[in-house]
Amino acid sequence: MCWTLWTARNALYFEGKAGSSMEIIIKAEKAFHEYQSSVEVFNDHATPTTAMSSSSFTWSFLDSGTHIINTDAAFTKDNQAGGIGYIVRDVVGNPWFAMLLSCLFSSTVIGEALAIRCGVVHAVESGFRNIQVELDNLEVISLLKDCSKAGDV
């Protein structure tokens, strides 16, 4: 649902294409049904050998006072414009606040880093101290693990 809203917003903002509310809802519903079908297929065929596993990653429950920040960025190279967004949730998944900002930056990596910074600053200013950041950009994750590679980021 959020992805459908995000892409509709980007189509309007960057391409001037406005979809109707009904079109957006229908697309979101279709995406949900596709997801639901794929989960059912996965669950029907999952075995210990086909299910995702990794010895280098261990999931654990978070403390009840932890807040999770999910971030993302979109970037258009032609005009160096983009958008950043973040949402802060508690460990149960309840949203506390979210932000979507249009801004200028020179690369996706810069946008992703900016989204993290804005989300963390907002969370800290809101009094949250136990924070976990989740993102999907491997390059930014690598830079955060080894700050000596970060340069101007």
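The values are calculated or read from the model by the stated rules, or taken from the named source; none is laboratory data. Everything quoted here is computed from the prediction, not taken from an experiment. Glycine gets a Cβ as well: all are built from the backbone with ideal geometry, and neighbour counts include every protein chain shown.
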**Q.** Inter-residue pairs, beta-carbon under 7 Å, first over 15 Å from V121 (Cβ atoms) and in the range 82-104, second charged (D, E, K, R) and assigned to a strand (DSSP E or B), 6+ apart
**A.** P95/R89
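If I filter the range 40-85 down to residues being of a type in the set (D, E) and either over 30 Å from G16 (Cβ atoms) or modelled with pLDDT of 85 or more (or both), which single residue comes out as surrounded by the fewest Cβ atoms within 10 Å (Cβ to Cβ)?
That would be D44.
Those residues that are of a type in the set (V, I, T) and surrounded by 12 or more Cβ atoms within 10 Å (Cβ to Cβ), I need them from the range 92-151; list them, please.
If we filter the range 92-151 for residues that are of a type in the set (V, I, T), which is where we start, we get 92, 108-110, 116, 120-121, 124, 131, 133, 140-141.
Selection gives T108, V109, I110, I116, V120, I131, V133, V140, I141.
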Q: List every residue pair whose Cβ atoms lie under 8 Å apart, where the two residues are 6 or more positions apart in sequence or sit on different chains, the first residue falls within the range 121-139 and is closer than 14 Å to I68 by Cβ and basic (K, R), and the second residue, located anywhere, is loosely packed, with under 10 Cβ neighbours inside 10 Å and at pLDDT below 95.
A: none
